[in-house]
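Novice: My questions will all concern the structure given below.
The values are calculated or read from the model by the stated rules, or taken from the named source; none is laboratory data. Every value quoted in this text rests on a predicted model; they were computed, and no experiment measured them. All Cβ positions, glycine included, derive from the backbone under ideal geometry; neighbour counts span all protein chains shown. Accessible surface areas use protein heavy atoms only, side chains included; no ligands, DNA or RNA. Shrake-Rupley method; radii C 1.70, N 1.55, O 1.52, S 1.80 Å.
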Amino acid sequence: MSIDRLHRFSFANAPIRGQWVRLSGVLDEFRARQDYPPGVAGLLSEMLAAVAMVSEGIQFDGAVSLQSRSSGPLTTVLAECRQGALLRGIARWPEEAAAPTETQLQDLLGGGQLTITMTRPAARDSDQPFSYQGLIELTGNSLAANLDKYFANSEQLPTHFYFAADDQTSITGLLLQRLPSDDLATDMHLESDDRLWTQIRQQAAQLSLQQLAELEPELFLSQTFAGHTITVHLPRHLRFDCSCSRARSSNTLRSLPREEILSLLEERGSINVTCEICGASYDYQPVDIHMLLDPGSDTIH
Ligand SMILES: [Zn+2]
């Protein structure tokens, strides 16, 4: 069974949404591509767990991404989840600088912001694609606390994120969100919903990050939220997958001035486009470049 997976869970008789996610193989993929220092790897893995949980909650075909706007030594960090299952991400610092050794969020990003973007392709040609962007102010060193504040303000729903790393080999994330009570709920029901949420929050405030990092979701949840009946739903499997393709890199090339492409081709003999996120390499020989620039040129007149 894949280790990288997300389980939705629900509490009996309480309008609370829960997500549990564990990523391990995805982190191996990142390590194989680039050697990130611990602080950078830790932040990127928390961001990946976060986008996986947020995209599951929204349940759409599109993408959820978190990207930094930084004035700190880590100039860019990006985590993206597409179709609720396909993860990619990257962290960057200036080429001339040494890899950042900072371990705190504020030191890495200079107290900047994260942009959260949610996009969905148009379902029909007549529809507009959906895109939403929000800004998450980074006011503390905990990504979880910054996300809690953002979701409480933007969605008006009390939300709590938790992240626990296990020696950088895996990251486990937990999300708890209080959903609105049923419109037709009686006062008694509303009171009961509030009481359950207060209880569950108190239990969550005591949770063991070590247990979150190590235990399977069923055991972790039953120990942490003792006294509640919790249903852990079937997992959604997650994996590293970049959205780059030869067609996309061809579009990028086509958007460059023709003279620039031709002089590059003359200088190098062929053109190689490398995806900076996954390292995939797309090679263009002179014949490919001429086809790109003059798609009709191979037809016989
Ligand atoms: Zn790629």
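Novice: Note the angle between two axes, namely the Cα long axis of helix 258-268 and the longest principal axis of the Cα atoms of the chain, as a number of degrees from 0 to 90, rounded to the nearest 10.
Specialist: 80 degrees
Novice: Computed FRET efficiency, Cβ-Cβ of LEU256 and GLU137, R0 35 Å: what is it to the nearest 0.05? The partial results should precede the final answer.
Specialist: Working: r = 36 Å, r/R0 = 1.03.
Calculated value: 0.45.
Novice: Something else: Given an 8 Å cut-off on Cα distances and at least 6 residues of separation, report the relative contact order of the chain as a percent. Before the final figure, lay out each step's value.
Specialist: Values: 534 pairs, mean separation 61.8, N = 301.
Worked out over the chain, it gives 21 percent.
Novice: Moving on. Could you sort 181-187, 44-50 so that the peptide with the highest average Cβ count within 10 Å comes first and the rest follow in order? If you can, show how the numbers build up before the last one.
Specialist: Working: 181-187: 10.0, 44-50: 26.7.
Ranking, from highest mean packing down: 44-50, 181-187.
Novice: Can you work out the accessible area per residue across the stretch 134-231, with the rest of the protein chains kept in place, probe 1.4 Å, in square angstrom?
Specialist: Values: 5290 Å² over 98 residues.
Normalised by residue count, the accessible surface of the stretch 134-231 is 54 Å².
Novice: Another question about this same structure. So how many Å³ per residue does the convex hull of the Cα atoms of the chain work out to?
Specialist: Working: hull volume 53.2 nm³, N = 301.
Roughly 177 Å³ of hull volume per residue.
Novice: Can you compute the helix-only [θ] at 222 nm over the chain? Use -39500 (n - 2.57) per DSSP H run of at least 4 residues, normalise by all residues, nearest 500 deg cm²/dmol.
Specialist: Roughly -11000 deg cm²/dmol at 222 nm, from the helical runs in the chain.
Novice: Another question, then. Using a 4.7 Å cut-off between beta carbons, which cysteines in the chain end up with no partner cysteine at all?
Specialist: Among the cysteines of the chain, those whose Cβ sits 4.7 Å or more from every other are CYS81.
Novice: Next question. Could you calculate the FRET efficiency of GLN34 with GLN156 from 1/(1 + (r/R0)^6), where r is the beta carbon distance between them and R0 is 51 Å, rounded to 0.05? Could the numbers behind the result be given before it?
Specialist: Numbers: r = 38 Å, r/R0 = 0.75.
It comes to 0.85.
Novice: List, in order, the whole-Hz ³J(HN,Hα) value for each residue of the stretch 120-131 obtained from phi through the Karplus relation with A = 6.51, B = -1.76, C = 1.60 and θ = phi - 60°; use x for Gly and Pro.
Specialist: Taking θ as phi minus 60°, the curve returns 9, x, 5, 5, 10, 4, 7, 7, 8, x, 8, 8 Hz for the stretch 120-131.
Novice: Between LEU184 and SER126, take the C-beta separation as r, use R0 = 41 Å, and let me know the FRET efficiency to the nearest 0.05. It would help to have the intermediate numbers written out before the result.
Specialist: Details: r = 35 Å, r/R0 = 0.86.
After rounding to 0.05, the efficiency reads 0.70.
Novice: With label points built 7 Å along Cα→Cβ from the Cα atoms of SER243 and GLN83, find their separation and express it in nm.
Specialist: In this crude spin-label approximation the distance works out to 1.2 nm.
Novice: DSSP loop (so not H, G, I, E, B), at most 15 other Cβ within 10 Å: list which GluC sites (Glu not before Pro) in the stretch 122-200 pass both filters. Spell out each step's value before the answer.
Specialist: On the way: sites: GLU137, GLU155, GLU191; in loops: GLU155.
Passing sites in the stretch 122-200 are GLU155.
Novice: Given labels modelled 7 Å from the Cα in the Cβ direction, how far is it in nm from LEU293 to ASP167?
Specialist: Going by the 7 Å Cα→Cβ label model, 5.5 nm.
Novice: Considering only protein heavy atoms, with the full assembly of protein chains and a 1.4 angstrom probe, order ASP4, ASP125, ASP28 by accessible area, largest first.
Specialist: Values: ASP4 10, ASP125 165, ASP28 80 Å².
Result of the area sort, largest leading: ASP125, ASP28, ASP4.
Novice: What nm value, rounded to one decimal, do you get for the distance between ALA226 and ALA98 when each label is placed 7 Å out toward the C-beta?
Specialist: Taking the simple label geometry, ALA226 and ALA98 are separated by 4.8 nm.
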